[in-house]
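Written out below as structure tokens is the structure these notes cover.
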Amino acid sequence: MRIGVDLGGSHIAVGLVENDGTIIERVEKNWSFEDRQDIENNIEKSIIEISTNILNKHNYSFENIEMIGIGSPGTIMDGKILNASNLGIKIFDIKKAIEEKTGCKVLVKNDAKCAAICEKKFGNLKDFSDAVFLTLGTGIGGAVFLDNKLLQPKRFSGFEIGHMIIKKDGIQCACGKKGCFERYASMKSFKDMFVKEFNLDKNKNWHSKDIFEIIDREKGNPVIKNIIDEYVDNLITGLVNLIDIFEPQAICMGGGFVYYKELLLPIIKEILYKKDRNFNKGYIPEIVIAKTGNDAGVIGAAMQD
Ligand SMILES: [Zn+2]
């Protein structure tokens, strides 16, 4: 039995998970403004409190737990969370903190990699030994599997797929480089194009629902088609790079992209399957959508090794 923790900018989810990936119980908590003022302590406190409550309820203790797996945004190095800007963390040794309090072994991985592990074990990547997983949200996170193994770098977080440059001297990225893939193909960049073209309030948090309303309202407006065409073209530039480098059997897209699958996936497939943009013209992998959804973070965190 394991505990999986899905740590995010707006909330934390903790689950008691069987070794086969079944969730026994999962509890979620949103960060309040006060929580965020002392986020490291509150993360530690929440993990301990929620886990203890769930374990007590099922007549278990930390002694019954094989390991606690944590999925977190930011760069993960030796169990430390580094530079998780949406949590306001510069450096936090979460592995040490939780191991000391629970006596359990603690493993920490980037949240996109945890979602990928779940999708690979239980979702739409189950039948593919060589695959690329992308989380398209505020940024783009990724993971690569070859021969069913998650490729793991030795020094830094690695596989910074979102920060491969697809346009030289392009838009400035928060990472310091210009023209990164995530500045053109994340769901945030997709929404930003609507904000720009339709003069929407830049400070408002626009949801997918709002974007779909605009698309409905502006049916036939060539601006909509231009936004979609440009977005898809940029996304495909990145996908083609990944196809040429890793030759995956499948690429799976998750995160906020899932909401747009009916709008965007057919266009992406149509262009990709024309087979004229990648190096090996005859070879195009399957393009699939993540299916493991909301629980993927907790399950994937618990299943990491
Ligand atoms: Zn970047």
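For the reader, a short list of remarks on this structure follows.
- Ala174 fulfils the conditions (1) touching a Gly at 6+ places or on another chain (Cβ under 9 Å); (2) farther than 15 Å from Met253 by Cβ; (3) more than 8 Å from the ligand (Cβ to nearest atom) except for a single criterion, (3).
- Residue list for region 159-206, filter: open to solvent by 30 Å² or more (accessible area, probe 1.4 Å), on the phi > 0 side of the Ramachandran plot and of a type in the set (Gly, Ala, Ser): Gly176
- From Leu16, Leu55, residue being assigned to a strand (DSSP E or B) and over 25 Å from Gly142 (Cβ atoms): Leu16
- If you check Asp229, Asp233, Asp295 for being open to solvent by 10 Å² or more (accessible area, probe 1.4 Å) and either modelled with pLDDT under 95 or closer than 30 Å to Val17 by Cβ (or both), only one passes: Asp295.
- The criterion of being over 30 Å from Ser129 (Cβ atoms) and modelled with pLDDT under 95 holds for Lys219.
- Just one of the numbered conditions (1) within 22 Å of Gly256 (Cα to Cα); (2) within 15 Å of the ligand (Cβ to nearest atom) is not true of Lys168: (1).
- Residue within region 85-102 that is part of a strand (DSSP E or B) and in contact (Cβ under 8 Å) with a residue 40 or more places away in the chain present: yes
- Considering only residues in region 144-158 that are in contact (Cβ under 8 Å) with a residue 40 or more places away in the chain and within 16 Å of the ligand (Cβ to nearest atom), the one that is most open to solvent (accessible area, probe 1.4 Å) turns out to be Phe156.
- Meets criteria (within 16 Å of the ligand (Cβ to nearest atom) and at pLDDT below 95) for Gly141: yes
- Taking residues in region 161-181 that are within 17 Å of Thr138 (Cβ to Cβ), and partners anywhere that are of a type in the set (A, V, I, L, M) and within 7 Å of the ligand (Cβ to nearest atom), the pairs with Cβ atoms closer than 9 Å and at least 6 places apart or on different chains are Cys180/Ala174.
- For region 189-196, the criterion of being within 16 Å of the ligand (Cβ to nearest atom), touching a Leu at 6+ places or on another chain (Cβ under 6 Å) and hydroxyl-bearing (Ser, Thr, Tyr) is met by no residue.
- Residue list for region 81-103, restricted to those being open to solvent by 80 Å² or more (accessible area, probe 1.4 Å), modelled with pLDDT of 95 or more and charged (D, E, K, R): Lys96, Glu100, Lys101
- Exactly one residue among Phe33, Phe128 is open to solvent by 70 Å² or more (accessible area, probe 1.4 Å), more than 26 Å from Met1 (Cβ to Cβ) and not polar (S, T, N, Q), and that residue is Phe33.
- Close pairs from region 277-305: first assigned by TED's automatic domain parsing to the domain that holds Ala143 and over 30 Å from Ile76 (Cα atoms), partner among the aromatic types (Phe, Trp, Tyr) and surrounded by fewer than 16 Cβ atoms within 10 Å (Cβ to Cβ), Cβ under 8 Å, at least 6 apart: Ile284/Tyr273
- Search result, residues across region 255-278 that are modelled with pLDDT of 90 or more and open to solvent by 80 Å² or more (accessible area, probe 1.4 Å): Tyr259, Lys261, Glu262, Glu270
- Hits in region 50-69 - residues which are polar (S, T, N, Q), open to solvent by 20 Å² or more (accessible area, probe 1.4 Å) and in contact (Cβ under 8 Å) with a residue 24 or more places away in the chain: Asn53, Asn64
- Single match in Lys105, Lys90 (criterion: over 21 Å from the mean Cα position of the chain (by Cα), of a type outside the set (Gly, Ala, Ser) and in the same structural domain as Ile48 (by TED's automatic domain parsing)): Lys105
The values are calculated or read from the model by the stated rules, or taken from the named source; none is laboratory data. All of these numbers come straight from a predicted model, not from anything done at the bench. Methodologically, a virtual Cβ is constructed for each residue, glycine included, from the backbone with ideal geometry; neighbour enumeration extends over all protein chains shown. SASA here: full protein model, heavy atoms, side chains in, ligands and nucleic acids out. Shrake-Rupley method; radii C 1.70, N 1.55, O 1.52, S 1.80 Å.
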